[in-house]
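The values are calculated or read from the model by the stated rules, or taken from the named source; none is laboratory data. Quantities reported herein were computed from a predicted structural model and do not represent experimental measurements. Heads up, the Cβs are rebuilt from the backbone with ideal geometry, glycines too, and the neighbour counts pull from every protein chain shown. Side chains included, ligands, DNA and RNA excluded: accessible areas come from the protein's heavy atoms. Shrake-Rupley method; radii C 1.70, N 1.55, O 1.52, S 1.80 Å.
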Amino acid sequence: MAKVAVVGSYGVGLTVELDRMPAAGETVIGRTFRTDHGGKGSNQAIGAARLGAEVDFLTALGDDTFGHEAIALWEREGVRACAVFSDAPTMTAPILVEATGENRIVVVPGALEHLSPAHVDEFSDRIAAADVCVVQLEIPVWTALYALQVARAAGVRTILNPAPAPAEPIDAVCDYVTPNESEAAAVERVTATFVHTLGERGAELCGELVRAFPAAVVDTTGAGDAFTAAFAVALADGADEREAVRWGCAAGAHMVEHQGVVPGLPTRAQLEERLASRVGSTERATSGGAGFAGAGA
């Protein structure tokens, strides 16, 4: 069984739909409210588990309702979580969405700010036992980069998903980095094989374009997480780089056909059904593509 270690985030989206944004000091009535499991690390860990990998996940939570709901989620999904509990709250992201679709988002990192290299050291045996280690940047950057160092020292292949893009370019050494077009500048100094996700065009690997799979787009949120999870599992399964990118494109296409991230992460059977089609072939990166791959959030 493929083994994937993930070091990253969990958080809860608190979404309110309303007709218009309130002015300063004003109260308005919202139309709908929902909570959604999120955090790029959690999304990618669940995505990898649904594709059949054995997944270990390091994150930080508050000792609160959201934190305990996260533990129950991972138990249902078969993710072996190592959660560091903190006095700070679980990460939340209040999201206000106007009728026009415009939104305002506030991210409160909370407990994630306390995830440290010392916690990575405590998790190092699980990293060393993995085939692939995946990190993102919703946790402190120095902690994410340290996790890459620990994995490389153990001979484990590494994937940096540089999202959200840091304010300043970072220096790192890893095996693969998976930026979308808006994140590419932040990782110019990273030494790695670049896999650029290009949305409806597909993904570029070493100057070649792996075309996207056709998709009826409903919501692009989480496409990048689906891509990275599938790419990691394919590598851990022994696929070559191009086939792993094709897995990522197929997972991204499945994701965008669904509302919400966790509901849209494909199972192994769903992914294999899409992979069985004849699309997703490789061509020169200057060519166009059809469908959608993982360039979403």
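Counting just the residues of the range 195-242 that are open to solvent by 10 Å² or more (accessible area, probe 1.4 Å) and of a type in the set (Asp, Glu), which one comes out farthest from PRO179 (Cα to Cα)?
ASP237
Scan ARG242, ARG246, ARG189, ARG201 and give me the residue that is touching a helix residue (DSSP H, G or I) at 6+ places or on another chain (Cβ under 8 Å), more than 26 Å from TYR10 (Cα to Cα) and not aromatic (Phe, Trp, Tyr).
ARG246
Please give the strands (runs of 3 or more DSSP E) falling wholly within the range 46-153 in which 3 or more residues are open to solvent by less than 40 Å² (accessible area, probe 1.4 Å) and not charged (D, E, K, R).
Once the strands (runs of 3 or more DSSP E) in the range 46-153 are filtered for at least 3 residues that are open to solvent by less than 40 Å² (accessible area, probe 1.4 Å) and not charged (D, E, K, R), what remains is 54-62, 79-86, 91-98, 132-135.
Touching a strand residue (DSSP E or B) at 6+ places or on another chain (Cβ under 7 Å) and modelled with pLDDT of 95 or more: is that true of ASP63 in this structure?
So ASP63 passes the test.
When you look at PHE33, is it aromatic (Phe, Trp, Tyr) and touching a residue at least 40 places away in the same chain (Cβ under 8 Å), yes or no?
no
Using beta carbons and a limit of 8 Å, which pairs, at least six apart or on different chains, have the first residue in the range 224-244 and closer than 11 Å to VAL4 by Cβ and of a type in the set (Val, Ile, Thr) and the second one open to solvent by 20 Å² or more (accessible area, probe 1.4 Å) and outside any helix (DSSP H, G or I)?
VAL233/GLY52
Given PRO117, PRO162, PRO166, PRO140, which one is touching a Phe, Trp or Tyr at 6+ places or on another chain (Cβ under 7 Å) and not aliphatic (A, V, I, L, M)?
Step by step, each of PRO117, PRO162, PRO166, PRO140 is checked, and only PRO117 is touching a Phe, Trp or Tyr at 6+ places or on another chain (Cβ under 7 Å) and not aliphatic (A, V, I, L, M).
Hey, GLU181 hits all of (1) closer than 19 Å to LEU275 by Cβ; (2) touching a helix residue (DSSP H, G or I) at 6+ places or on another chain (Cβ under 9 Å); (3) surrounded by fewer than 19 Cβ atoms within 10 Å (Cβ to Cβ); (4) not β-branched (Val, Ile, Thr) but one; which does it fall short on?
(1)
What is the residue count in the range 184-201 for residues that are under 17 Å from ASN161 (Cβ atoms) and either touching a Gly at 6+ places or on another chain (Cβ under 6 Å) or outside any helix (DSSP H, G or I) (or both)?
Count: 11.
Residue under question is ARG246, and the condition is that it be farther than 19 Å from PRO164 by Cα, basic (Lys, Arg), at pLDDT 95 or above and surrounded by fewer than 24 Cβ atoms within 10 Å (Cβ to Cβ); does it hold?
Answer is no for this residue.
Among the residues that make up the range 159-174, is at least one of them within 23 Å of ASP87 (Cβ to Cβ) and more than 18 Å from the chain's Cα centre (by Cα)?
No.
Please list, ordered by first then second residue, the pairs with beta carbon atoms under 6 Å, 6 or more apart or interchain, first in the range 75-97 and closer than 20 Å to VAL262 by Cα and in contact (Cβ under 8 Å) with a residue 40 or more places away in the chain, second open to solvent by 50 Å² or more (accessible area, probe 1.4 Å) and in a loop (DSSP other than H, G, I, E, B).
Listed pairs, sorted by first residue: ALA93/VAL107; PRO94/VAL106.
For the range 155-162, indicate whether the set of residues that are touching a Ser or Thr at 6+ places or on another chain (Cβ under 6 Å), farther than 19 Å from ALA226 by Cα, of a type in the set (Val, Ile, Thr) and surrounded by 15 or more Cβ atoms within 10 Å (Cβ to Cβ) is non-empty.
Within the range 155-162 (the criterion being touching a Ser or Thr at 6+ places or on another chain (Cβ under 6 Å), farther than 19 Å from ALA226 by Cα, of a type in the set (Val, Ile, Thr) and surrounded by 15 or more Cβ atoms within 10 Å (Cβ to Cβ)), the answer is no, since none of the residues qualifies.
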